[in-house]
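Encoded as C-alpha cells, the structure appears first; notes follow it.
What follows draws every value from the coordinates through simple rules; no lab data is involved. The structure displayed is predicted, hence computed values, not measured ones. Please note: Cβ atoms are built from the backbone with ideal geometry, for glycine as well, and neighbour counts cover all protein chains shown.
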Amino acid sequence: MDPFNANSQQNDDLFDEITLAANQRQENAYLAGVQKGGEIGYQNGMLIGRQKGLQLAAEIGFYSGFVSTWLAMIESDKTVLLNNALDSNSVKSKQIKITKCLQALQAQLQHYNQTFQQNHIHHLTEELSKLRSRFKQLCSLLKYPPNNVNISDLTF
C-alpha cells in the first residue's frame, strides 16, 4: 500500500464529512427558519384577522343600529326629524322612499348575517360593498353626508 494514497483517501473522507455536516447544518437551519416563519406568520395573521373582524363588526353594528333607530322613529310617527331632513312639499313621498330604503338595508343586513353564519366568506366582501352603497343611498335620501360617519375603511 502506498502511504500517500491511504492518507489522501482519509483526507477525502474528512472533507466529505465536513461538507456533509455543513450541508446538514444549513438544511436544519433552513427548516427551523421555515417553521419559525410559519409560526410568526400564523400569529400575525390571527392578530390582523381579529383587528379586521372588530372593524367589520363595528361597521355592521353601526348600520344595524342606524337602521333600527330610524325605523323606530318612523314607526312611532316622530316625523320631526324627517321633516328637518326633507323639503316640506314632498315629505310623504320621501318618507316612503326612506322607509323602503331602510327596510332594504335591514334585509341586506340580515342576509349578510346569514351569509356570515353559513361561512360563505368569499361573498362577504361583495355583500359589504352592497351594504355600504345602500347606506350611502340612505344618507343621500336623509340629506346626511355619509362622511360624517366615522367608520374606518375596511380593506382586505
Taking 30 Å as R0, compute the FRET efficiency from the Cβ-Cβ separation of L14 and I40 and round it to 0.05. 0.20
Rough spin-label spacing in nm, given labels placed 7 Å along Cα→Cβ, for H122 and L47: 3.1 nm
